[in-house]
Amino acid sequence: MHGANLGTLLRTCDAVGACMAVPRLPWVPEALARGNTLRRPACVHWTGRDACQWLLDQRSAGSRIIGVELAEEAVRLGDLPAARQRTIAVLGHEQTGIPAEAVELLDVAVEIPMVGSGASPERGGGGVARAVPAGWIPLTS
């Protein structure tokens, strides 16, 4: 299940000029390769096994951390100002969302409004988050 989802997310990152950050778990490189149809090498950062520590390190280096999550205090995507600094978007698992320990590290939660009946467009990569302790996409401004 993870392979097609991670590859889809990788292609989405490439389309918007972003990189993808994932933990180096044994199955991740194959999963990325399986769904990768890009004609050039993809931009992938390896977080190590502790994705929350990686987020803390990125924040210390000046990155802003946003979480794509259905939350009461979430900002609608259309109301989110354009990135003015290196920004990392944290995606959660389709069913369980962003892990609590990662939610604590967010500068802001962002909601993607839905027209259909699904509740997880922000998790279009499906298997990313909890299946991979967390799926992070570093976005560049």
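No value in this document is a laboratory result; all are computed from the given coordinates. Owing to the predicted nature of the structure, the values given are computational and were not obtained by experimental measurement. Every residue, glycine as well, gets a Cβ built from its backbone with ideal geometry; the counts of neighbours run over all protein chains shown.
Data for the structure
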| quantity | calculated |
| --- | --- |
| Translational diffusion coefficient (Stokes-Einstein; Kirkwood radius from C-alpha pairs) of segment 1-118 at 20 °C, 1.002 mPa s, in µm²/s | 140 |
| Long-range HN-HN contacts of A109 with modeled amide H, under 5 Å | G67, V75 |
| Highest-first arrangement of 25-38, 99-112, where packing means the average Cβ count within 10 Å | 99-112, 25-38 |
| Sequence ranges 45-55, 70-80, ranked by mean other-Cβ count within 10 angstrom, highest first | 45-55, 70-80 |
